[in-house]
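The values are calculated or read from the model by the stated rules, or taken from the named source; none is laboratory data. From a predicted model like this one, the values you see are computed outputs, not experimental measurements. Reconstructed Cβ throughout: ideal geometry from the backbone, glycine too, with neighbour counts over all protein chains shown.
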């Protein structure tokens, strides 16, 4: 590396305590998009972001939407012929429940020891506030040292990623000209290991639904009715148990009909990762793999669809005992989708499956909450290649090209409305407990992420 970039990397490491202080402030906002009671927290978080971006010499503002606000910022210090990068992040987080499983208060950042050294623990540390701060801090350091950036920079930070970004598409349509750029940088994905960086080149889609099984008109005494009437929990349990066959395949009608197999080149990229399945499972206390037979773990995680029950409840679930046959039973269901599948066709198959499995004296209602398609990112895009070179310079090894099992609805929105391909350069770890109690972000990943974004900026100098 050049002496100038080495100096910037040293500065980033020296200034890490200041970075952590800002991240602590960011995390303290209880910006939970699913809970209307946190509307004021969402607005306050946006106003904090505006102040941070203005401190970097940017023009920044909070924009209201039909849902939660969006923060927009622009830096116009680069030359007119410089590349234009749109940086994306999200300030909303998942609810912290169950609170009793947290070792520390979820919105109070703490630093503790972990397998990879120090780690930052709090809700949003990995998804996405810590990941997002990697590029914010890189922009801060470069701008402070050089007075201008090597690229024209626009920023969009939304507050609805955790609820499938319902306001984003309309916002992009209304502000297409302002948000035009050459590429979009997103740090909201995973690396392979603290010393093995990765770029994500595909993401699965997603749909959400809720199943309600209704039997008797009210809860019944099991001493009076047990053994005589249908029990909605039993019915729902049998339905759920039948969603997969003995080989792990989903039994929803038509589920696999439109699934596209990934290109051979992509499977080769995955094979070259030498994925450590035992370590992956062991990090979350498991030993045996499950799922679709005759498929590698990488295929099942990144290129194959799946169906999961995310929650189930009914009857009496409080302390003590109450011998009832419940009137209703409920389950939350989600499906991860892959290229070729559409949420509309899959939900039609779900309705068909549950209708066929419904016995007499029971009604089944399915509430569908929408879906988003899977996406693939061109791995040979010039900006993706620049990111790959940057990662190699920082980590002294090639960045892996991997899939993402999760979902970022906005990727397809950016492509459709702005014509942008996305660079998915995240620094989370598979064991970050994203969406779970005690979410963490390793300090070494935060530091390496800032370094990587600084070197990416350096790579942009040669792309003019």
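Whenever a residue of segment 91-109 is in the same structural domain as residue 437 (by TED's automatic domain parsing) and closer than 15 Å to residue 441 by Cα, its partners that are modelled with pLDDT under 95 and not in a loop (DSSP other than H, G, I, E, B), lying with C-beta atoms within less than 8 angstrom and at least six residues away or across chains, give the pairs 93/162. Among the residues here, residue 169 qualifies as in contact (Cβ under 8 Å) with a residue 60 or more places away in the chain, outside any loop (DSSP other than H, G, I, E, B) and within 30 Å of residue 59 (Cβ to Cβ). For segment 81-101, a residue qualifies if it is in contact with a strand residue (DSSP E or B) (Cβ under 8 Å, 6 or more places away or on another chain), outside any strand (DSSP E or B) and closer than 17 Å to residue 180 by Cβ, and the qualifying residues are 82, 83. Here residue 309 meets each of (1) outside the structural domain of residue 237 (by TED's automatic domain parsing); (2) outside any helix (DSSP H, G or I); (3) under 23 Å from the mean Cα position of the chain (by Cα) with one exception, condition (1).
Residue by residue, here is whether (1) touching a residue at least 60 places away in the same chain (Cβ under 8 Å); (2) surrounded by fewer than 21 Cβ atoms within 10 Å (Cβ to Cβ); (3) assigned by TED's automatic domain parsing to the domain that holds residue 33; (4) outside any helix (DSSP H, G or I) holds:
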position	(1), (2), (3), (4)
126	yes, no, yes, yes
138	yes, no, yes, no
142	yes, no, yes, no
145	yes, yes, yes, no
148	yes, yes, yes, yes
157	yes, no, yes, yes
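Scanning segment 288-306 for residues that are part of a loop (DSSP other than H, G, I, E, B) and closer than 30 Å to residue 215 by Cα turns up nothing. Here is a check on your reading of the model: is residue 289 surrounded by fewer than 15 Cβ atoms within 10 Å (Cβ to Cβ), within 20 Å of residue 403 (Cα to Cα), in contact with a helix residue (DSSP H, G or I) (Cβ under 7 Å, 6 or more places away or on another chain) and in contact (Cβ under 8 Å) with a residue 12 or more places away in the chain? So residue 289 passes the test. When every residue of segment 414-425 is checked against the conditions, at least one turns out to be under 25 Å from residue 17 (Cα atoms) and crowded, with 19+ Cβ neighbours inside 10 Å. With a requirement of 1 or more residues that are more than 24 Å from the chain's Cα centre (by Cα), farther than 25 Å from residue 209 by Cα and in the same structural domain as residue 187 (by TED's automatic domain parsing), the helices (runs of 4 or more DSSP H) lying completely within segment 351-464 that satisfy it span 382-395, 443-461.
Pairing residues of segment 352-379 that are modelled with pLDDT under 95 with residues that are in a helix (DSSP H, G or I) and loosely packed, with under 15 Cβ neighbours inside 10 Å, at Cβ distances under 9 Å and at least 6 apart in sequence or on separate chains, gives 371/344; 379/265. Take the conditions (1) in a loop (DSSP other than H, G, I, E, B); (2) surrounded by 14 or more Cβ atoms within 10 Å (Cβ to Cβ); (3) without any contact (Cβ under 8 Å) to a residue 60 or more places away in the chain; residue 258 misses just one of them, which is (3). With respect to residue 188, is the statement that it is touching a helix residue (DSSP H, G or I) at 6+ places or on another chain (Cβ under 8 Å) and buried (at least 23 other Cβ atoms within 10 Å of the Cβ) true? Yes; evaluated as a whole, the condition is true for this residue.
Every residue, every condition in (1) more than 21 Å from residue 436 (Cα to Cα); (2) in contact with a strand residue (DSSP E or B) (Cβ under 6 Å, 6 or more places away or on another chain), yes or no:
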position	(1), (2)
272	yes, no
276	yes, no
281	no, no
284	no, no
292	yes, no
310	no, yes
313	no, yes
316	yes, yes
319	yes, no
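If you go through segment 123-144 one residue at a time, do you hit one that is within 23 Å of the chain's Cα centre (by Cα) and farther than 30 Å from residue 383 by Cβ? Checking segment 123-144: at least one residue is within 23 Å of the chain's Cα centre (by Cα) and farther than 30 Å from residue 383 by Cβ.
Residue count for segment 43-75, restricted to those that are touching a strand residue (DSSP E or B) at 6+ places or on another chain (Cβ under 8 Å) and more than 20 Å from residue 154 (Cα to Cα): 1.
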